[in-house]
Number of protein chains: 2
Amino acid sequence: MSTDHEILELPGFALENGGTLQPARLAYQTYGRLNSSKTNAVLFPIWFAGDHHSNEWLIGEDRALDPREYFIIVPNLFGNGVSSSPSNTPPPHGAADFPAITIRDNVRAQHVLVTAHFGIERLALVLGCSMGALQTYQWAVGHPEMVARALPFCGAPETSPHNVVFLESLRAALTLDAAYQGGRYTAPPLAGIRAFSRVYAGWGFSQAFYWEETYRQLGFPTLQDFLTGFWEANFIDQDANDLLAMLWTWQHADVSATPGMEGDIKRALGSITAKTLALPAEKDLYFPPEDEIRAAQYIPGGEARVIPGIWGHLTGGGADPTGAAFIDAAVRDLLATEVADAK
Amino acid sequence: MSTDHEILELPGFALENGGTLQPARLAYQTYGRLNSSKTNAVLFPIWFAGDHHSNEWLIGEDRALDPREYFIIVPNLFGNGVSSSPSNTPPPHGAADFPAITIRDNVRAQHVLVTAHFGIERLALVLGCSMGALQTYQWAVGHPEMVARALPFCGAPETSPHNVVFLESLRAALTLDAAYQGGRYTAPPLAGIRAFSRVYAGWGFSQAFYWEETYRQLGFPTLQDFLTGFWEANFIDQDANDLLAMLWTWQHADVSATPGMEGDIKRALGSITAKTLALPAEKDLYFPPEDEIRAAQYIPGGEARVIPGIWGHLTGGGADPTGAAFIDAAVRDLLATEVADAK
């Protein structure tokens, strides 16, 4: 994993579901410079099994997130092997004994980074793809006064029951490997991770993506090459407990569980004050566009703009030229939108 | 498995992919009586892991397939545990040594049943759901002179690459169980079948089906109850090698591989003379409606009529009242359509 990042240590970091990380280590990378008025900060959390490099396709002098103009902070997800994770936490709380971490725990650590560490009171934009979108919605609900604009893409404000079933199938495949040993493995459960990858392969792109053999655009001449060279390669070097820790975080995402919202998703979404532009993907199989279209109806001034095409969920990853251009343009649009000051 | 059926023995049944069943045993059930002119026969092949009872929801005096009017033949799929299957074939060709069987092998056995056994020259209708649809298309392409009408539902004329990936994920989950032992298990690989069921659960119904908790209509109060009481219960008593045999048949379905079609799907579909009405399901995740809508364009006079609703693939199973009524009405429509005599 990458070492070109900073670490914020959070001593005695108490977790929503019980337990404490002593300390929690939040890894992050920044791009650009914070201006003197501290008004140009963008927070860009990452997706499942990614790291801060995952977001770099949208950051650059010719991209929507231009580091000459914005100060972009990319925090790593707990469990991703760079921030505190099963694989890098010493006993007695590492590996199979790593505590359950919620999206809100991630956001709370990021909040310390943004406020106490950088002294930022308001973020010009929070955005993110997939689990990054889960974090974006949580920021918008949990800290409305701090989020001027929100752009979740290929995500949702809560993980739907179907999405939970999809994630359960990944877990079932991985943990079936006899080498997994309830997380107390001595060698990586590679067969389990391969089965996990094989299940994921059906979900990441649309049916039509495979029909059209669009994987050729990614450099894989055959379906079999794609299943191994793309899908297995994406997960095989990841730690199994890390994958399962992030998966738990994903499964339990729900902004309506934010204190004060009392399980009411409409109330939670209705409390958002950020100018919100959601970008679901047309053929996304596990965050289907209906999730964000429905959610946008309950967000004051909320808008959902569907990313067209056959790439499905992974159109949010930057490798689909059409999807990347669509997202880039939407980020520019939203950043150009004037918003009222925080109350 | 059911014993209320007939068996046609096919001695020395040579298989498309090599190997011979000595004999092949084709299990079937019939409903109604063949009329003296032998013009009222309907062939209704079954779906994956089903048996002849699976189709009975569409057969009855108040149903589209009225046994007072039609002679309905329901053949069991090779591999389903009733027709020749790994689980019921003696050594040396049973269990893990069972040969690979194609959809065309199934249709060839059914052709013997229809012609040599019953003396039928022309079928008023061939219809089927899912793998039953794969068989329906194969009948229409392989025996155009015999099929007056074809009504494939929730299926396709060939298994798409994405569908293949879905099936690979089922196989990966099942075979990862250490108890599976390459098919030479001494006790059923139940953990593998449970993981197989968990993967299948994400695919069988639509995302919205789970969102709306429609499983309550099937008598399951919670998602967890549904995952075990419906999905695991559906597969846990099936033989693992049987499941994998049927899965192989499904994965390799392709009417363009019919002799004379030279791999050309448009040519294969263009050769169909049956009046064809295809019923894909709106939210089907592994036989998406695009498959049959595209196919219908190449079938002379072909029509695709999308079954609306959120049940996804399993709307074809008869438990969705709206889907069942839609399919029933379509079967009546098609049976009422006059067709030209065979040339």
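Taken as a whole, segment B:52-65 holds no residue that is over 27 Å from B:A233 (Cβ atoms) and among the β-branched types (V, I, T).
If you go through segment A:312-342 and pick out every residue that is touching a residue at least 40 places away in the same chain (Cβ under 8 Å) and part of a helix (DSSP H, G or I), you end up with 18.
Once segment A:261-276 is narrowed to residues that are outside any loop (DSSP other than H, G, I, E, B) and touching a strand residue (DSSP E or B) at 6+ places or on another chain (Cβ under 8 Å), the residue that is nearest to A:A336 (Cα to Cα) is A:K275. Restricting the search to helices (runs of 4 or more DSSP H) fully inside segment B:101-190 and requiring at least 1 residues that are within 14 Å of another protein chain (Cβ to nearest Cβ) gives B:161-175. The number of residues in segment B:172-210 that are of a type in the set (A, V, I, L, M, F, W, C) and without any contact (Cβ under 8 Å) to a residue 24 or more places away in the chain comes to 7.
Set side by side, the residues A:D177, A:D254, A:D242 differ, and just one is buried (at least 18 other Cβ atoms within 10 Å of the Cβ), touching a strand residue (DSSP E or B) at 6+ places or on another chain (Cβ under 8 Å) and over 20 Å from A:G312 (Cβ atoms), which is A:D254.
Restricted to segment B:1-89, the set of strands (runs of 3 or more DSSP E) holding at least 3 residues that are under 30 Å from B:F196 (Cβ atoms) and more than 14 Å from the chain's Cα centre (by Cα) comprises B:24-31. Return the residues of segment A:215-238 that are β-branched (V, I, T), under 21 Å from A:D177 (Cβ atoms) and assigned to a loop (DSSP other than H, G, I, E, B); say none if nothing qualifies. Listed by number, the list holds a single entry, A:I236.
Evaluating B:W139 against the criteria (1) within 13 Å of B:W250 (Cα to Cα); (2) in contact with a Pro (Cβ under 9 Å, 6 or more places away or on another chain) leaves one unmet condition, (1).
Here A:K283 meets each of (1) within 12 Å of chain B (Cβ to nearest Cβ); (2) over 18 Å from the mean Cα position of the chain (by Cα); (3) under 22 Å from B:R171 (Cα atoms) with one exception, condition (3).
Please specify each residue of segment A:287-309 satisfying the condition of being crowded, with 17+ Cβ neighbours inside 10 Å, aliphatic (A, V, I, L, M) and not in a loop (DSSP other than H, G, I, E, B). If the condition is that a residue be crowded, with 17+ Cβ neighbours inside 10 Å, aliphatic (A, V, I, L, M) and not in a loop (DSSP other than H, G, I, E, B), then A:A295, A:A296, A:A304, A:I307 are the ones that fit. Of note, B:R184 does not satisfy the criterion of being assigned by TED's automatic domain parsing to the domain that holds B:G302, among the basic types (K, R), surrounded by fewer than 24 Cβ atoms within 10 Å (Cβ to Cβ) and in contact with a helix residue (DSSP H, G or I) (Cβ under 6 Å, 6 or more places away or on another chain). Cβ separations smaller than 7 Å between residues 6+ apart or across chains give the following pairs from segment A:287-306 residues that are more than 14 Å from every other protein chain (Cβ to nearest Cβ) to residues that are basic (K, R) and not in a loop (DSSP other than H, G, I, E, B): A:Y298/A:K266; A:G301/A:K275.
Scanning segment B:194-224 for residues that are within 8 Å of another protein chain (Cβ to nearest Cβ) and aliphatic (A, V, I, L, M) yields B:A195, B:V199, B:A201, B:A208, B:L223.
Within this structure, B:W47 fails the test of being over 24 Å from B:V339 (Cα atoms), surrounded by fewer than 16 Cβ atoms within 10 Å (Cβ to Cβ), touching a residue at least 24 places away in the same chain (Cβ under 8 Å) and among the hydrophobic types (A, V, I, L, M, F, W, C).
The values are calculated or read from the model by the stated rules, or taken from the named source; none is laboratory data. Computed from a prediction, not measured in an experiment: that's the story for all the values here. Note: ideal-geometry Cβ built from the backbone for every residue, glycine included; neighbour counts use all protein chains shown.
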